[in-house]
Amino acid sequence: MSFQDVFGTAPDGSWSAPGRVNLIGEHTDYNDGLVLPIALPNRIVVTASQRDDGRIAVASSGHKGITEFAIDELTPGSVSDWAAYPAGAAWILRESGYAIGGANLLVDSDLPSGAGLSSSAALLCATSVALLGLRGIEVDPAEVARLAQRAENQYVGAPVGLMDQMASMCCTAGHALYFDIRAMSTDQIPFDPAADDLALLVVDVKAPHRHVDGEYAARRKSCEQAAAELGVPALRSIAYDDLDDALARLSDDVVRRRVRHVVTEIRRVEDAVALMRAGRLQEVGPLFTASHASLRDDFEITVPELDVAVDTALEAGALGARMTGGGFGGCIIALVAADAAESVLAAIEKAFAEHGFTPPSALAATPSAGASRLT
């Protein structure tokens with residue numbers, strides 16, 4: 001399906017934004033913590049043309065029909081389903097004073113939806129850079145990320161943190177993005193598994209998750225409740241060495257376990273970055289595995305498919321493995337010897353068949369660049 005076929009005119013250009021895989025640092029972003037994502041080569045592409053009537057029409061290669069709306073009439077909830085994301089991007093840009101103007105938008109993607117690879121943030125970021133690019137408006141990538149997060153929070157209604165959007169906008173090829181949410185600072189950490197004869201295997205377990213449901217919001221609420229009870233602005237303020245004292249001050253065991261995950265996960269990010277900077281990538285594997293155990297036992301966001309995939313990868317020789325993303329489905333990552341990637345995936349496929357799960361699929365996890373104009 002070409003732009004010409006859908007809209008009857010030639011496009012003015014195309015823009016893209018990638019999905020992401022978070023190496024480590026799960027559910028720490030909305031706690032003012034640390035995260036370490038990479039951008040994937042898989043991207044959402046928005047091909048676009050200007051129109052002068054103040055209206056936006058959006059179509060997608062994966063959905064039937066065209067959704068059209070007036071920019072000036074957008075309010076949270078006024079556009080639903082998948083088109084809420086491009087509508088949300090237009091709404092937040094308008095609310096922030098950017099003169100974006102009308103547009104025809106065609107969305108295409110090779111990024112699996114519902115796999116925990118941040119297709120929603122990629123769609124928001126790709127739409128934003130397309131709408132801005134059509135009018136020649138230059139905005140700092142980190143600011144676009146913040147606007148995209150606000151759109152997902154306020155327009156779509158998903159209480160997500162800022163990691164996904166920052167990864168989609170600010171990652172660079174061959175690096176992981178070390179993002180300190182409290183300081184709003186980033187650092188590019190070299191990440192080249194192939195140089196150490198390693199590979200990062202990303203396995204989609206085909207158990208889709210959705211951030212808008214109550215579980216994600218419940219985890220965030222528990223963290224905010226704990227911070228309030230401990231008298232700190234966010235759980236990042238609890239030092240690792242003070243964790244036991246903080247846990248003893250909490251009255252609810254569930255909240256206590258949520259706090260333990262966040263504080264120990266932030267320490268794992270710090271340890272992973274130190275090892276990567278020292279060229280000791282192989283030693284990051286056990287941190288992945290410890291992260292998964294924490295997400296499974298303390299944060300309680302794994303599902304059987306994720307646990308089986310991680311356990312099987314480790315049994316098949318992976319140096320480390322963990323679920324990645326918001327949880328309740330999605331993907332795992334496994335750090336494996338480069339020549340063992342196929343055998344580890346085969347072992348996971350066999351285990352899934354034995355459990356009666358939907359067959360998984362694998363993605364290449366080459367660290368890639370953030371959002372950009374293509375044509």
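May I ask you to list the residues in region 273-296 that are farther than 20 Å from Cys331 by Cα and open to solvent by less than 30 Å² (accessible area, probe 1.4 Å)?
Filtering region 273-296 for residues farther than 20 Å from Cys331 by Cα gives 273-283.
Across region 273-296, the qualifying residues are Val273, Leu275, Met276, Leu281.
Can you name the condition, by its number, that Ala318 falls short on among (1) outside any loop (DSSP other than H, G, I, E, B); (2) over 30 Å from Trp15 (Cα atoms); (3) in contact with a Leu (Cβ under 8 Å, 6 or more places away or on another chain)?
All conditions are met except number (1).
List the strands (runs of 3 or more DSSP E) inside region 22-106, counting only whole elements, that have at least 3 residues being under 30 Å from Val203 (Cβ atoms).
So the answer is 37-51.
Each row is one residue, and each column tells you yes or no for (1) surrounded by fewer than 16 Cβ atoms within 10 Å (Cβ to Cβ); (2) under 22 Å from Pro141 (Cβ atoms).
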{"site": "Arg20", "(1), (2)": "no, yes"}
{"site": "Asn42", "(1), (2)": "no, yes"}
{"site": "Gly77", "(1), (2)": "yes, no"}
{"site": "Ala84", "(1), (2)": "no, no"}
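Please specify each residue of region 346-365 satisfying the condition of being part of a strand (DSSP E or B) and either surrounded by fewer than 17 Cβ atoms within 10 Å (Cβ to Cβ) or β-branched (Val, Ile, Thr) (or both).
If we filter region 346-365 for residues that are part of a strand (DSSP E or B), which is where we start, we get 361-364.
Matches in region 346-365: Ser361, Ala364.
If I filter region 118-152 down to residues being touching a Lys or Arg at 6+ places or on another chain (Cβ under 8 Å) and more than 21 Å from Ile181 (Cβ to Cβ), which single residue comes out as surrounded by the fewest Cβ atoms within 10 Å (Cβ to Cβ)? First the steps, then the outcome.
Here is the first cut: in region 118-152, the residues touching a Lys or Arg at 6+ places or on another chain (Cβ under 8 Å) are 118, 121-122, 126, 129, 133.
Filter once more, keeping what is more than 21 Å from Ile181 (Cβ to Cβ): 126, 129, 133.
Numbers: Ala126: 32, Val129: 27, Gly133: 21.
Per the criteria, the residue is Gly133.
I need the full set of residues from region 107-116 which are of a type in the set (Gly, Ala, Ser), surrounded by fewer than 22 Cβ atoms within 10 Å (Cβ to Cβ) and part of a loop (DSSP other than H, G, I, E, B), in order please. Write out each step before concluding.
Step one: filter region 107-116 for residues of a type in the set (Gly, Ala, Ser), giving 109, 113-116.
Filter once more, keeping what is surrounded by fewer than 22 Cβ atoms within 10 Å (Cβ to Cβ): 109, 113-114.
Hits for region 107-116 are Ser113, Gly114.
Note down all Cβ pairs under 6 Å where the first residue falls in region 218-244 and is farther than 18 Å from Val35 by Cβ, the second is at pLDDT 95 or above and of a type in the set (Lys, Arg), and they're at least six residues apart or on different chains.
Ser222/Arg258
Residue-by-condition table, conditions (1) of a type outside the set (Gly, Ala, Ser); (2) more than 23 Å from the chain's Cα centre (by Cα):
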site: Cys223; (1), (2): yes, no
site: Asp241; (1), (2): yes, yes
site: Leu247; (1), (2): yes, yes
site: Ser251; (1), (2): no, yes
site: Arg257; (1), (2): yes, yes
site: Thr264; (1), (2): yes, no
site: Arg280; (1), (2): yes, yes
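Show the residue pairs meeting these rules: Cβ distance below 9 Å; 6+ apart or different chains; first residue within region 163-190 and closer than 12 Å to Arg20 by Cα; second residue of a type in the set (Lys, Arg) and assigned to a helix (DSSP H, G or I).
Gln165/Arg146; Met166/Arg146
For residues in region 154-192 being over 14 Å from the mean Cα position of the chain (by Cα) and under 22 Å from Pro76 (Cβ atoms), which is least open to solvent (accessible area, probe 1.4 Å)?
Checked region 154-192; the qualifying residue least open to solvent (accessible area, probe 1.4 Å) is Tyr155.
Going by the conditions given, is Ser343 open to solvent by 30 Å² or more (accessible area, probe 1.4 Å), within 18 Å of the chain's Cα centre (by Cα) and at pLDDT 95 or above? I'd like the intermediate steps shown before the answer.
On the way: open to solvent by 30 Å² or more (accessible area, probe 1.4 Å): yes; within 18 Å of the chain's Cα centre (by Cα): no; at pLDDT 95 or above: yes.
Considered against the rule, which asks whether it is open to solvent by 30 Å² or more (accessible area, probe 1.4 Å), within 18 Å of the chain's Cα centre (by Cα) and at pLDDT 95 or above, Ser343 comes out as no.
The values are calculated or read from the model by the stated rules, or taken from the named source; none is laboratory data. A quick note: this is a predicted structure, and the numbers were derived from the prediction, not measured. For neighbour counting, all protein chains shown are included, and Cβ atoms are generated from backbone atoms with ideal geometry for every residue, glycine included. Each accessible area value is taken on the protein alone, full model and side chains, heavy atoms only, with ligands, DNA and RNA left out. Shrake-Rupley method; radii C 1.70, N 1.55, O 1.52, S 1.80 Å.
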